[in-house]
Amino acid sequence: MALNGRLKSRGSRVVAWGHYQPSTTLTNDDLIAAGFDSDDEWIRTRTGITERRVARADESLVDMAEQAARDAIAKSEVPLAEIDLVILATCTAKNPVPIASAQLADRLGIGSPGSYDVNAACAGFTYATSAASDAILCGQARNVLVVGAEKFSDWMDWRDRSTAMIFADGAGAAVLSRSEVPGVGPLVCGSDGFNAQAIRIDPETSMIAQDGQTVYRWATSSMGDVALEVCRRAGVKPDELVVFAPHQANLRIIRSIAARLGAANALVVEDIVTSGNTSAASIPMGLSKLLATHSIAAGLPMLLIGFGAGLTYAGQVVLSP
Ligand SMILES: CC(C)(COP(=O)(O)OP(=O)(O)OC[C@H]1O[C@@H](n2cnc3c(N)ncnc32)[C@H](O)[C@@H]1OP(=O)(O)O)[C@@H](O)C(=O)NCCC(=O)NCCS
């Protein structure tokens, strides 16, 4: 029996990307001047980070999500009334309820869309993009807004040597629409709950904490093969990729995965250098910034891979807008 969906579609694609970063920049030296026990050279060598952005105390996760969403929606030219679903990926909401996505939709003036938050930490955006694509494919939604937004500064111990120089604030967004040509490839995902404690909000302190070496080993030993599998499932050869946008965890991790992938013709997103690690925001934010500064033809394959706390990962190939 063939389903006769009201909004039948052949495929979905990302039609626009957007981003927002708070205006306050903290360099490594700023952190050190404020009492963080480290040095600029050590941080650059181990993480690749030179500076990061931090939101004002009165600037909320939804505030940042709103700015990134407005950027993506304006570029998409999709009328607000035709956005049927809003998905917001985050792991740093101050409270689990009220959910951020419904507040975001209200701020934007989108009628009464479906809305839900996703927490898959640094893989949140790629899981959410897959859910958005599926919602379009099954006829549930015409257009979907997907946002990744994080405010790590609410959860940071600024003296913690394994996290304070890494995590940061920001937001990125994408609008997905129906498309004659499928523009979102199959999701490849998995998890390793045995190592759940490797990145955590400490229940005693409510601060982000991590076992950096466990995360580093997991990411560098397995995400390269995941990247290759995502390409294989999408029917794309690595050297056909025009962009590789991995989660911005750490520059050494990004370069190690890129080396294993061997995408000789791809621009590799390295936004971590000036933005730090913004978890679910890092892929759409880094990609949106790259697309704003490079001229990339429409319809070419770009590889996204999110990975981190959980531990969990998810990735797909999407076509350039
Ligand atoms: C966090 C990370 C940078 C720490 O680097 P590391 O090499 O594992 O550091 P270690 O904890 O083993 O410490 C090594 C040395 O550096 C020192 N050190 C640790 N943190 C430091 C800091 N922030 N500044 C300066 N020195 C530091 C330690 O004291 C230790 O010194 P010693 O050798 O004299 O004892 C690294 O593990 C990492 O990048 N992991 C991945 C984290 C990540 O990407 N998380 C996000 C995933 S989504």
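The values are calculated or read from the model by the stated rules, or taken from the named source; none is laboratory data. The structure presented is a predicted model; accordingly, all values stated were derived computationally and were not measured. Note that each Cβ is placed from the backbone with ideal geometry, even for glycine, and that neighbours are counted across all protein chains shown.
For segment 165-189, which residues satisfy the criterion of being more than 18 Å from Ser279 (Cβ to Cβ) and in a strand (DSSP E or B)? Even if it seems obvious, please write down each step before you answer.
Step one: filter segment 165-189 for residues more than 18 Å from Ser279 (Cβ to Cβ), giving 175-188.
Those that are more than 18 Å from Ser279 (Cβ to Cβ) and in a strand (DSSP E or B): Val175, Leu176, Ser177, Arg178, Ser179, Val184, Val188.
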> If you scan segment 8-28, which residues turn out to be over 19 Å from Asp271 (Cα atoms), at pLDDT 95 or above and either within 15 Å of the ligand (Cβ to nearest atom) or of a type in the set (D, E, K, R) (or both)?
Replying inline: Arg13
> Name the pairs: first residue in segment 205-234 and at negative phi, second residue outside any helix (DSSP H, G or I) and among the acidic types (Asp, Glu), Cβ to Cβ under 6 Å, at least 6 apart or on different chains?
Replying inline: Met207/Asp157; Ala209/Asp202
> Leu241 fails exactly one of the following numbered conditions: (1) more than 17 Å from Trp17 (Cβ to Cβ); (2) more than 17 Å from the chain's Cα centre (by Cα). What is the number of that condition?
Replying inline: (1)
>> Filter segment 278-308 down to the residues that are surrounded by fewer than 24 Cβ atoms within 10 Å (Cβ to Cβ) and assigned to a strand (DSSP E or B) and list them by number.
In response: Pro301
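Tell me yes or no: at least one residue of segment 102-109 is within 30 Å of Gly139 (Cβ to Cβ), surrounded by 14 or more Cβ atoms within 10 Å (Cβ to Cβ) and of a type in the set (Asp, Glu). Before you say what the answer is, go through the steps one by one.
First pass over segment 102-109, keeping only residues within 30 Å of Gly139 (Cβ to Cβ): 102-109.
Going one step further and asking which of them are surrounded by 14 or more Cβ atoms within 10 Å (Cβ to Cβ), we end up with 102-108.
If we keep only those that are of a type in the set (Asp, Glu) too, we end up with 106.
The answer is yes, given that some residue of segment 102-109 is within 30 Å of Gly139 (Cβ to Cβ), surrounded by 14 or more Cβ atoms within 10 Å (Cβ to Cβ) and of a type in the set (Asp, Glu).
Of the residues Arg142, Arg217, only one is assigned by TED's automatic domain parsing to the domain that holds Asp40, surrounded by fewer than 24 Cβ atoms within 10 Å (Cβ to Cβ) and at pLDDT 95 or above; which? Talk me through it step by step, then tell me what you get.
Working: Arg217 fails: assigned by TED's automatic domain parsing to the domain that holds Asp40.
Unique residue meeting the criteria: Arg142.
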> Which of the residues belonging to segment 30-51 are in contact with a helix residue (DSSP H, G or I) (Cβ under 6 Å, 6 or more places away or on another chain) and among the charged types (D, E, K, R)?
Replying inline: Asp40, Glu51
> Counting just the residues of segment 71-129 that are over 21 Å from Glu59 (Cα atoms) and of a type in the set (S, T, N, Q), which one comes out nearest to the chain's Cα centre (by Cα)?
Replying inline: Thr126
> Can you name the condition, by its number, that Thr129 falls short on among (1) touching a strand residue (DSSP E or B) at 6+ places or on another chain (Cβ under 8 Å); (2) within 13 Å of the ligand (Cβ to nearest atom)?
Replying inline: (2)
>> Can you find a residue that is within 16 Å of the ligand (Cβ to nearest atom), hydrophobic (A, V, I, L, M, F, W, C) and either within 13 Å of Ala281 (Cβ to Cβ) or in the same structural domain as Asn143 (by TED's automatic domain parsing) (or both) anywhere in segment 50-62?
In response: no
> Can you name the residue in segment 252-277 that is away from the ligand (no atom under 16 Å from the Cβ), aliphatic (A, V, I, L, M) and assigned to a helix (DSSP H, G or I) and, of all such residues, is surrounded by the most Cβ atoms within 10 Å (Cβ to Cβ)?
Replying inline: Leu261
> Can you name the condition, by its number, that Leu31 falls short on among (1) hydrophobic (A, V, I, L, M, F, W, C); (2) buried (at least 18 other Cβ atoms within 10 Å of the Cβ); (3) more than 16 Å from the ligand (Cβ to nearest atom)?
Replying inline: (3)
> Which of the following residues is aliphatic (A, V, I, L, M), buried (at least 24 other Cβ atoms within 10 Å of the Cβ) and more than 12 Å from the ligand (Cβ to nearest atom): Val188, Val147, Val236, Val181?
Replying inline: Val147
